[in-house]
Amino acid sequence: MSIFSPHNSSSSTHSVKKAHVAVPWGFTLTEVIVVLGIIGTLASVMYFSLNGAHSKSRDTQRIKDLETLQAAVEQYYADNGTYPVLVSRASITTSSFAAAVQATLPTLPKDPSGSASYLYQSDATGASYCIVFTTPDSLGDFPASFADPMTPGAVYYGVGAYTSGC
């Protein structure tokens, strides 16, 4: 009797074993490490490129906020002949500044970083003013007129800390 022939006999002591063929169904450790390395590299590139985009986005928002603040202060000047008087530098959310520009600017802008605020100061007569803000980076995206100390409504900035410009 051959092992390939069907055996119907219950008295047979031979058993037929099926041949097991190794089927690769997983990944080797090397393949997994290579894929994780590629994913990690792509993630780090994305992180650093998006980090720059966030910074530029905040700077763009600051420019819009500063233009809005300047327009409100200039409108106050057009209506009253002086700028809002606030001799000591203070946040734009102080009641005296907020009340002065409320007709033009009912909602005061907030710094997009959330950790700082825009500051306002004028001279004692209201003939000139400045707005101070901070930015963690250089002013590469800001127009040069924002840091012009000869302009009556100059906007000064500090990198990381408030400057004593005005």
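Each value in this text was obtained by applying a stated rule to the coordinates, not by laboratory testing. All values derive from a computational prediction rather than experimental measurement. Don't worry about glycine lacking a Cβ; one is built from the backbone with ideal geometry, like all the others, and counts go over all protein chains shown.
Counting only Cβ charges, +1 for Lys and Arg and -1 for Asp and Glu, the dipole size of segment 19-111 around its Cα centre is about 120 debye. Sorted ascending by nearby beta carbons within 10 Å, beginning with the fewest, 57, 95 become 95, 57.
Just so you know, the averaged projected area of the alpha carbon convex hull for segment 33-81 sits at 3.1 nm². Amide H contacts under 5 Å for residue 127: 83, restricted to partners 5 or more places along the chain or on a different chain, H placed in the peptide plane at 1.01 Å from N. Listed peptides 103-109, 69-75 appear in the order 69-75, 103-109 once ranked by packing, highest mean of other Cβ atoms within 10 Å at the front.
The amide H of residue 134, built 1.01 Å from its N in the peptide plane, has 158 as neighbours under 5 Å, considering only residues 5 or more places off or on other chains. Estimated at 0.36 nm per residue, the fully extended path between residue 47 and residue 99 surpasses their Cα-Cα distance by 14.5 nm. Residue by residue, segment 34-47 carries 3J(HN,Hα) couplings of 4, 5, 5, x, 5, 4, x, 5, 4, 5, 5, 5, 5, 4 Hz when phi is fed to the Karplus relation 6.51 cos²θ - 1.76 cosθ + 1.60 (θ = phi - 60°); x denotes Gly or Pro.
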